[in-house]
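> Got a structure here, written out as structure tokens. Questions coming.
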Amino acid sequence: GIISPTGKTRIIDCPFIAEEEVSISDAIIGGSVILNKANFLNGLVADRMKTKRSLICDHGFCLKGNIRLVAAEIGGSVAFGLGSVVGALEADRIKVTNELRLGNKFSVDKDIRLSGAKVGGDIVFTGVDINSSLIADGIETPANLYLDRGLKVEGDVQIVDARLGGSLSFREASLMGTLNAERIEAGRELHLRQMRRLGASNLCGAKVGG
């Protein structure tokens, strides 16, 4: 950063480019992982990574190949925005202390996998393009799951056995494939209204508190 004459700090973002696969599996990081403007040309592997604060991938973040966050533990929030993954986002069994948020024209070419994920705050997918499927069986949060407001999924959405303390919303979402939400439990409301598109759906055994 640069210290200005007024005493305020101005942060200068410098693009980061990695030509080969980057692996930070099992890393233990005391602060945040900030990958704004980063460009990974051959994938990123961060399985079982532990960070005490947030993971932020925004402002032109671009990754070719797969990004793996399997069983990672994030002490703050996870945020993906204004960027793309030309591959899959694999985060099965991830643990996030605060919210998990994807939005702001973020796109993923292949599957997003969040099976068994545990998130302490809201899970938000707004304005996201998924060119394959969203698979989040067994996901858990005491808060809300928002799959809405411009979300477009070309394949299936699978959230079997999900456990939500709050609401589940699909408002203004486009689900081109099948919505499979068998045995899902939502402590509050389930919103399917104002959807732009919904293919086949399966809500057998669902429990909704609102």
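> Quick one: 3J(HN,Hα) in Hz for segment 21-36, Karplus 6.51/-1.76/1.60 with θ = phi - 60°, rounded, Gly and Pro as x.
Values per residue, Gly and Pro as x: 4, 9, 10, 10, 4, 6, 5, 10, 10, x, x, 8, 10, 10, 10, 4 Hz.
> Would you mind working out the magnitude of the charge dipole of segment 94-193 relative to its Cα centre, with +1 at each Lys and Arg C-beta and -1 at each Asp and Glu C-beta, to the nearest 20 Debye?
Roughly 220 debye, rounded to the nearest 20.
> With a sphere of radius 9 Å drawn around the Cβ of C204, what net charge do the other residues whose Cβ falls strictly inside it have (Lys, Arg +1; Asp, Glu -1)?
0
> Let me ask something additional. Taking the Cβ-Cβ separation of C204 and S132 as r and a Förster radius of 30 Å, what is the calculated FRET efficiency to the nearest 0.05?
0.80
> List the pairs from K50/K105; K37/K110; K50/K152; K52/K152 whose alpha-carbon separation is above 25 Å, in the order I gave them.
K50/K105; K50/K152; K52/K152
> Give me the percent relative contact order of the chain, please, defined on Cα pairs under 8 angstrom at least 6 residues apart.
10 percent
> Return the FRET efficiency for the residue pair D26, E172: r is the Cβ-Cβ distance, R0 is 25 Å, and the value is rounded to the nearest 0.05.
0.05
> Any number yet on Rg/Rh for the chain, C-alpha, Kirkwood?
For the chain, the value is 1.00.
> What FRET efficiency comes out for M195 versus K64 if R0 is 41 angstrom and r is the Cβ-Cβ distance? Round to the nearest 0.05.
The formula returns an efficiency of 0.80 here.
> Once phi is turned into θ = phi - 60°, what whole-Hz ³J(HN,Hα) does the Karplus curve with 6.51, -1.76 and 1.60 give for every residue of segment 110-118, x standing for Gly and Pro?
Along segment 110-118, the couplings run 10, 5, 9, 10, 9, 4, x, 5, 10 Hz.
> List the residues whose amide H sits under 5 Å from the amide H of H191, counting only those 5 or more places along or on another chain, with H placed 1.01 Å from N in the peptide plane.
Long-range HN contacts for H191: L168, S169, F170.
> I would also like to ask the following. Can you list residues whose amide H is under 5 Å from G65's amide H, if they're 5+ apart or on another chain and H is modeled 1.01 Å from N?
V86, G87
> Of E185, E20, E90, which has the most accessible area and how do the rest follow, probe 1.4 Å?
On the way: E185 65, E20 125, E90 40 Å².
I get E20, E185, E90, largest accessible area first.
> Here's another thing I want to ask about it. What ³J(HN,Hα) values, in whole Hz, does the Karplus curve 6.51 cos²θ - 1.76 cosθ + 1.60 give for segment 153-159 when θ = phi - 60°, with x put for Gly and Pro?
10, 6, x, 8, 10, 10, 10
> Restricting to the chain, compute how many DSSP beta bridges are antiparallel as a %, nearest 5.
5 percent
> Please list, ordered by chain and number, the residues whose modelled amide H lies under 5 Å from the amide H of S132; skip anything fewer than 5 residues away on the same chain.
E154, G155
The values are calculated or read from the model by the stated rules, or taken from the named source; none is laboratory data. Fair warning: this is a prediction, and the values are worked out from it, not measured in the lab. Don't worry about glycine lacking a Cβ; one is built from the backbone with ideal geometry, like all the others, and counts go over all protein chains shown. Heads up: the accessible areas ignore ligands, DNA and RNA and are worked out on the full protein's heavy atoms, side chains in. Shrake-Rupley method; radii C 1.70, N 1.55, O 1.52, S 1.80 Å.
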